[in-house]
Amino acid sequence: MTRISNAVTLLGAGTQGSRLAYMWSRLGRPVYIVDKDSNQLSQASSSIEELRRKESSPSEHGPIIELIAADLDKALHESWLVIECVPEDLDCKRSIIKQLDNQADPDIIIASNSSSYSITEVCDGLEFRADDRFVNLHSFWPPETRVLEIMGTDKTRPDIIPRLMDESREHGFQPFHVRKASTGYIFNRIWAAIKRETLMVLEEGIATPEEVDQMYKAVLQTPKGPCEQMDVAGLDVILAIEEHYAEVRSGIPDGPRKYLREIVDRGHLGVKTGTGFF
């Protein structure tokens with residue numbers, strides 16, 4: 001088999017994994033998408049095809065190669081970059097990062113798409129073959145929102161960040177370099193304050209989700225309010241992120257998390273379950 005040195009591997013075929021596979025295949029280069037669930041791989045393939053059909057100016061996409069987790073070695077052998085897109089569970093991410101370090105050649109960049117855990121936190125206390133190639137590549141909702149936050153560690157090789165900035169920009173992202181270690185990166189630290197105050201307003205009975213979103217959109221002239229945005233992200237994901245912020249920062253009120261936990265415990269997770277704030 002001919003070595004394809006410009007491939008990207010996505011580990012995890014969920015919503016973010018499939019959307020990132022779409023983005024990284026936009027220049028005609030191959031993308032491997034790997035998951036332990038064959039049904040999830042099929043769903044990802046359908047999602048990617050739907051994104052391609054919606055393009056106003058169709059481009060020459062690279063092939064999407066679906067592999068079960070047992071075939072990860074094959075994908076890594078052909079890739080310059082591997083991105084984990086597994087759920088927001090620290091133990092799971094630590095296990096995956098350790099596995100990738102064991103299996104991937106030392107020159108392959110290993111990235112985490114985590115929305116709340118810095119790559120420094122994920123790597124803390126682990127022993128690696130090559131500890132100079134780890135980064136966060138935090139994406140939002142591509143391709144609609146193309147912002148990509150890139151954050152390394154104090155050991156990341158100096159050539160890696162510039163390469164990722166250039167490559168991601170060429171693939172249609174709008175990359176930003178997070179220059180120092182930051183839980184929540186740049187945008188999510190600002191967004192966290194908006195979420196938290198929104199949840200406090202709701203928990204205190206000051207306004208309804210409908211009223212909060214109507215006012216927010218009217219004042220800022222944005223298409224979505226904070227409650228709808230949380231529904232889209234998944235209320236379980238929002239809760240996990242808030243729990244993590246509370247672990248690493250002092251002074252965060254527990255009311256918003258308690259309120260959100262009650263909603264999640266009822267199985268109301270937002271768009272993914274059909275019921276959330278809306």
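The values are calculated or read from the model by the stated rules, or taken from the named source; none is laboratory data. Predicted model, so just to flag it, every value in this text is computed and none were measured. Using ideal geometry, Cβ is built from the backbone for each residue, glycine included, and neighbour counts are taken over all protein chains shown. These accessible areas exclude ligands, DNA and RNA; they are computed on the full protein's heavy atoms, side chains included. Shrake-Rupley method; radii C 1.70, N 1.55, O 1.52, S 1.80 Å.
Quick look at the values:
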{"quantity": "Complete set of residues in the range 96-127 that are of a type in the set (Gly, Ala, Ser) and open to solvent by 60 Å² or more (accessible area, probe 1.4 Å)", "calculated": "125"}
{"quantity": "The lone exception for residue 93 - which of (1) open to solvent by 20 Å² or more (accessible area, probe 1.4 Å); (2) in a helix (DSSP H, G or I); (3) among the charged types (D, E, K, R); (4) closer than 23 Å to residue 106 by Cβ it fails", "calculated": "(1)"}
{"quantity": "Subset tally (residues that are more than 23 Å from residue 102 (Cβ to Cβ) and either surrounded by fewer than 17 Cβ atoms within 10 Å (Cβ to Cβ) or not assigned by the TED database to the domain that holds residue 145 (or both)) for the range 52-81", "calculated": "10"}
{"quantity": "Whichever residue in the range 96-131 is hydrophobic (A, V, I, L, M, F, W, C) and part of a strand (DSSP E or B) and, among such residues, is farthest from residue 184 (Cα to Cα)", "calculated": "109"}
{"quantity": "Enumeration of residues in the range 177-218 that are open to solvent by 100 Å² or more (accessible area, probe 1.4 Å) and polar (S, T, N, Q)", "calculated": "214"}
{"quantity": "Tally, over the range 219-264, of residues that are of a type outside the set (Gly, Ala, Ser), outside any helix (DSSP H, G or I) and surrounded by 14 or more Cβ atoms within 10 Å (Cβ to Cβ)", "calculated": "1"}
{"quantity": "Residue 86 vs. criteria open to solvent by less than 50 Å² (accessible area, probe 1.4 Å), touching a residue at least 12 places away in the same chain (Cβ under 8 Å) and under 18 Å from residue 146 (Cα atoms)", "calculated": "no"}
